[in-house]
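Read-outs: derived from the displayed coordinates by stated rules, not from any lab. Everything quoted here is computed from the prediction, not taken from an experiment. Ideal geometry is used to build each Cβ from the backbone, glycine not excepted, and the neighbour counts take in all protein chains shown.
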Amino acid sequence: SVWLSILQFFLYTGSEVTLGTWSYSLLTESRGISTDLAGFWTSGYWASFTVGRILAGLYARRLGVNKLIYGSLLSALVGASLLWWNPSPTISLIGVGLTGFAIAPIFPGLVSGTSQRVGERFAANTIGMQMSAASLGVSIIPALVGVLARNLNLEVIPVCLFGLFAAQLLLYTLGLQLHRQKDACKSARLDQGIT
């Protein structure tokens, strides 16, 4: 589950920066939205992200880390779906803003839930590796999506974002299940007097 957690950080930061980097080009060059409006909503992505992160601090304790991350990833999938679906410019813009707001709690939630996913014993080292993976995700994923956009078209961006968020949801679920299985095995051994 350590490696799943590390991969989660790689994918998360890559998806966060991909949308922030490529949304303006997608909105203006592929969807014909005015530069002023696209610029406003690209800034709005970061603003909604900031507001979401502040608000997440207020309701994180009530929801718990797992519910917060699951809710964020599911909401991010909805936002990416709206951006991918693109029935109108307004829906595309809402998808950008919703995604920014939705993903805001993920990074701090993942950091604070590290020991829950990988165990207390591995948490400190895992956090260091997660931060390294996050830096790699920021530098690699937006560039790869850019290469795809150049070779295919800009409409590949929301498809990639949807795939990235879906992969994160899968990884998060698998990581928690693996850790729970390890805990169950450990408890069973303790119950039997085996250490």
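Summary table
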| read-out | value |
| --- | --- |
| Segment A166-N125, length gained on full extension (0.36 nm per residue, minus Cα span) | 12.1 nm |
| Mean Kyte hydropathy of -1.0 or more with a Cα span along the axis of at least 30 Å, helices from DSSP in the chain | 2-25, 35-63, 120-151, 156-191 |
| Approximate spin-label separation L55-S132, in nm, with each point projected 7 Å along Cα-to-Cβ | 3.7 |
| Percentage of interatomic Cα-Cα distances in region 101-195 larger than 16 Å | 69 |
| Full-stretch length increase - D191, A47 - with 0.36 nm per residue and alpha-carbon distance subtracted | 46.7 nm |
| Compactness of region 89-154 - radius of gyration and Dmax, Cα, Å | 16.2, 49 |
| Residues L37 and N86, FRET efficiency given R0 of 22 Å [Cβ-Cβ distance, rounded to 0.05] | 0.90 |
